[in-house]
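Novice: Could you have a look at this structure, given as structure tokens, before my questions?
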Amino acid sequence: MANIVVVFHSGYGHTQRVAQAVADGADAQLLAIDADGNLPEGGWETLAAADAIIFGSPTYMGGVSWQFKKFADASSKVWFTQGWKDKLFAGFTNSATMNGDKVATMGYLWTLAMQHSGLWVSMGILPSNSKAATRDSMNYVGGYGGLLTQSPSDASPAEMFKGDFDTARAFGERIATVARSRG
Ligand SMILES: Cc1cc2nc3c(=O)[nH]c(=O)nc-3n(C[C@H](O)[C@H](O)[C@H](O)COP(=O)(O)O)c2cc1C
């Protein structure tokens, strides 16, 4: 079984629910970046041991949260030795607007993975974009580079869309399949 870690920040609990669904699909361990932008005790060691690292952040002002960016900047210590080289990486982001510049956040998560010389796993699930599609169809938000999910600005985490969680679980399963295929 591959060792997969979901490292994420969530300010208000929405991205946390997506992180949980991705982790369920990937059979992964969750590593939450706290409100001060720090990992729990032993977090860096957990990441060092991972075969695959999945980044998650809400989209705030068209990018990652400052707490996620603090984690990313702290990972420069690992970058110096290229300690995450050749690990698998993937990413997800949640935001309030259907578009909301989520792709800018995804671009940053990809760039971070590339700085660490990682191998990026794409979404791998076609978007539901036909007339028959509903908000609960698979990959309705339509990410290709990673998982994009959306929750209305007045929706609590409990009110998020089932289709986004189904998609998140399937995305996690895909990452686990790719990780296992590497032996
Ligand atoms: C400071 C701030 C900036 C935000 N910027 C964006 C944005 O650029 N695009 C967007 O669609 N939603 C934006 N939102 C909405 C959040 O992405 C949305 O509420 C999300 O569900 C928050 O996730 P969280 O509960 O995991 O923190 C912003 C929210 C906050 C608090």
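Novice: Averaging the inverse of every distinct alpha carbon separation and then flipping it gives the Kirkwood radius. What is it for the range 104-183, in angstrom units? Kindly include the intermediate steps, with their values, before the conclusion.
Specialist: Working: mean 1/r = 0.0718 Å⁻¹.
Hydrodynamic radius (Kirkwood, Cα pairs) of the range 104-183 is 13.9 Å.
Novice: Would you please give the residues with an amide H less than 5 Å from that of A96, counting only those at least 5 places away or on a separate chain, with H modeled from the backbone geometry?
Specialist: Under 5 Å from the amide H of A96 lie the amide H atoms of S151, each far enough along the sequence or on another chain.
Novice: Rounded to whole Å and sorted largest first, what semi-axes of the equivalent ellipsoid does the C-alpha gyration tensor of the chain yield via the square root of 5 times each eigenvalue? Walk me through the numbers on the way to the answer.
Specialist: Numbers: eigenvalues 122, 68, 40 Å².
Whole-Å semi-axes of the equivalent ellipsoid: 25, 18, 14.
Novice: Let me ask you something else. Measure nothing but the geometry: give the 0 to 90° angle between the long axis through the Cα atoms of 14-26 and the longest principal axis through the Cα atoms of the chain, rounded to 10°.
Specialist: Long axis of 14-26 versus the principal axis of the chain: about 70 degrees.
Novice: For the chain, what is the charge dipole size about the Cα centre, in debye to the nearest 20, if Lys and Arg each add +1 at the Cβ and Asp and Glu each add -1 at the Cβ?
Specialist: So the magnitude is around 460 debye.
Novice: Pairing the Cα long axis of helix 162-181 with the longest principal axis of the chain, what angle in degrees results, from 0 to 90 and rounded to the nearest 10?
Specialist: Between helix and principal axis, roughly 40 degrees.
Novice: Output the antiparallel fraction of DSSP beta bridges having both residues in the range 4-181, as a percent to the nearest 5. It would help to have the intermediate numbers written out before the result.
Specialist: Numbers: 1 of 24 bridges.
Just about 5 percent of them are antiparallel.
Novice: Please work out how much length the chain gains when fully extended from D86 to D36, using 0.36 nm per residue of separation minus the C-alpha to C-alpha distance, in nm with one decimal.
Specialist: Roughly 15.1 nm would be gained on extension.
None of the figures in this text is laboratory data; all of them are computed from the coordinates on show. Nothing here was measured: the structure is a model prediction, and the numbers come from that model. Because the Cβ atoms are built from the backbone with ideal geometry, glycine has one as well, and the counts that use them run over all protein chains shown.
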